[in-house]
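Okay, so here's the structure we're looking at.
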Amino acid sequence: MRTRLGLKHLFLVALVVCSSREPAAAIDVRRADVKDFIAHMADTSSFKKRQLRKLLKAAQSQPAIIEAMDRPAEKAKQWFEYRPIFVSERRIREGTDFWIAHRQALDRASVRSGVAPEYLAAILGVETYYGRLTGSYRVLDALATLAFDYPARAKFFRDELEQYLLLTRDMRLDPSSVKGSYAGAMGAPQFMPSNYRRYAVDADANGHIDLWTNWPDVCASVGNYLKEHGWNAGEPVLSEATVAPDQASDLDGRKLALSETVGSLRTKGVNFDSSLPEDAPALLIAADDTDGVHWRVGFNNFYVITRYNHSALYAMAVFELAAAVKQRVLLNDAAGGITPAVAAQDVAAPGVAMPSPATPGAAAPSAAARDAATVQPALQR
């Protein structure tokens, strides 16, 4: 969330990435680009150059981070491979338990933002397994690596490094201790530093925004991000569609843009159910399954989800997980509120403590230890 990256989310690196043997190396503060960054921070934000040189000299440029950035699941996998990772029985079950344990926080965030609670829960489920897998890289290392040793996105990550230093100063955190994803995303919702500063919400009005352990703040912040990116309360997200075989070759379901309308798609032979007006923005989606292409139509709210992670695969996974968790919660409620399979204390707080001046950035449990099958998308919020 900030300039949002289209790379993708962020956090745990696939096993092939984790096996990288190339050693980390200290950032060379004598490099021209590093010196320019230090001078900029000193001139614009009153940081002391000596302090910045010391901090960046302690940062480690890690080849595994660059490798992870080049291997996002959204680019490497097709829908039939991607879906089972995030729409699994375990994730549905734990999403149900999460919703039951944090119903009040989700409901309040939903009322505040207009985003249905199932989508707030599903995003947290896809992002960090409901707060348990928030990343094990030092955010300083991740952002410094990508700011100075990843030319393809250097400007973006230098901006994020700047925002991170401002954030940790404002929150009085130790910038060398906070942990996050390999792209520098933080907390249960995996916000990039600029998004943390721009969209995070102090939902309980305690004067401190905590996206690690404070669920009212977490849920409200996810809702606020979606609201600020154009979520329309009560509108649909996605619809199944069919296309006549002789017309399929003339259609493009690979563009992530609201370049069509409900009416224009229908005139092109796309059949789907929607109560939206004919001029409502829409996009056609071609989802590759084991038996061929399945067509879907996404609406404005689908596109808004892709602003969280620029991928149709990601948004489809959020949509399906949200629907499955909502159905399970409704069944639980209808049965009289059966006790969740997972104890409330197991989902009541994310997997890492909120960094603080006293206890900065406790490391999150590794992905391999928690769920060897999980491949985290590289979201850049």
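Points worth noting:
- Checked against the criterion of being open to solvent by less than 10 Å² (accessible area, probe 1.4 Å), out of contact with any strand residue (DSSP E or B) (no Cβ under 8 Å at 6 or more places or on another chain) and more than 18 Å from ARG197 (Cα to Cα), the range 145-158 has at least one qualifying residue.
- Filtering ASP159, ASP149 for residues that are within 14 Å of ALA68 (Cβ to Cβ) and modelled with pLDDT of 95 or more leaves a single hit, ASP149.
- If you go through the range 284-343 and keep only what is part of a helix (DSSP H, G or I), under 18 Å from ALA233 (Cβ atoms) and of a type in the set (Phe, Trp, Tyr), you end up with PHE302, TYR303, TYR308, PHE319.
- Pair list, Cβ < 8 Å and 6+ apart or interchain, from the range 189-202 residues that are in a strand (DSSP E or B) to residues that are open to solvent by 10 Å² or more (accessible area, probe 1.4 Å): PHE191/TYR199; PHE191/ALA200
So that you can scan it fast, the table gives a plain yes or no per residue for (1) over 19 Å from ASN301 (Cβ atoms); (2) surrounded by fewer than 17 Cβ atoms within 10 Å (Cβ to Cβ); (3) at pLDDT 95 or above; (4) among the aliphatic types (A, V, I, L, M):
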{"residue": "VAL237", "(1), (2), (3), (4)": "no, no, yes, yes"}
{"residue": "ALA241", "(1), (2), (3), (4)": "no, no, yes, yes"}
{"residue": "ALA244", "(1), (2), (3), (4)": "yes, yes, no, yes"}
{"residue": "ASP250", "(1), (2), (3), (4)": "yes, yes, no, no"}
{"residue": "ARG254", "(1), (2), (3), (4)": "yes, yes, no, no"}
{"residue": "SER259", "(1), (2), (3), (4)": "no, yes, yes, no"}
{"residue": "VAL262", "(1), (2), (3), (4)": "no, no, yes, yes"}
{"residue": "PRO277", "(1), (2), (3), (4)": "no, yes, yes, no"}
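- Residue, farthest from SER113 (Cα to Cα), within the range 206-220, restricted to residues that are in a helix (DSSP H, G or I) and touching a residue at least 60 places away in the same chain (Cβ under 8 Å): TRP215
- The range 51-89, residues that are of a type outside the set (Gly, Ala, Ser), touching a strand residue (DSSP E or B) at 6+ places or on another chain (Cβ under 8 Å) and assigned to a helix (DSSP H, G or I): LYS57, ILE65, MET69, GLU74, LYS75, TRP79, PHE80
- Taken over the range 293-315, the criterion of being out of contact with any strand residue (DSSP E or B) (no Cβ under 6 Å at 6 or more places or on another chain), open to solvent by 30 Å² or more (accessible area, probe 1.4 Å) and under 18 Å from ASP252 (Cβ atoms) is satisfied by TYR303 alone.
- Close pairs (6 angstrom Cβ cut-off, 6 or more residues apart or separate chains): among the β-branched types (Val, Ile, Thr) in the range 75-95, in a helix (DSSP H, G or I) and buried (at least 19 other Cβ atoms within 10 Å of the Cβ) anywhere: VAL87/ALA317; VAL87/LEU321; ILE92/ALA324; ILE92/VAL325
- Restricting attention to the range 22-45, the residues that are free of Cβ contacts under 8 Å to residues at least 40 places away in the same chain and open to solvent by 100 Å² or more (accessible area, probe 1.4 Å) total 4.
- All conditions but one from (1) free of Cβ contacts under 8 Å to residues at least 60 places away in the same chain; (2) of a type in the set (Val, Ile, Thr); (3) open to solvent by 20 Å² or more (accessible area, probe 1.4 Å); (4) over 30 Å from TRP231 (Cα atoms) apply to VAL111; the one that does not is (4).
- Checklist (1) within 19 Å of the chain's Cα centre (by Cα); (2) open to solvent by 30 Å² or more (accessible area, probe 1.4 Å); (3) not hydrophobic (A, V, I, L, M, F, W, C) applied to GLN62, failing item: (1)
- Any chance GLY95 is assigned to a loop (DSSP other than H, G, I, E, B), small (Gly, Ala, Ser) and touching a Gly at 6+ places or on another chain (Cβ under 9 Å): no
Let's see how each residue does on (1) exposed (fewer than 14 other Cβ atoms within 10 Å of the Cβ); (2) touching an Asp or Glu at 6+ places or on another chain (Cβ under 8 Å); (3) under 26 Å from ASP288 (Cα atoms):
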site: ALA205; (1), (2), (3): yes, no, no
site: TRP212; (1), (2), (3): no, no, no
site: ASP217; (1), (2), (3): no, yes, no
site: THR267; (1), (2), (3): yes, no, yes
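- Residue within the range 128-146 that is within 28 Å of LYS48 (Cβ to Cβ), modelled with pLDDT of 95 or more and assigned to a loop (DSSP other than H, G, I, E, B) present: no
The values are calculated or read from the model by the stated rules, or taken from the named source; none is laboratory data. These numbers come from a predicted model, not from an experiment. For neighbour counting, all protein chains shown are included, and Cβ atoms are generated from backbone atoms with ideal geometry for every residue, glycine included. Please note that ligands, DNA and RNA were not included when accessible areas were found on the heavy atoms of the full protein model with its side chains. Shrake-Rupley method; radii C 1.70, N 1.55, O 1.52, S 1.80 Å.
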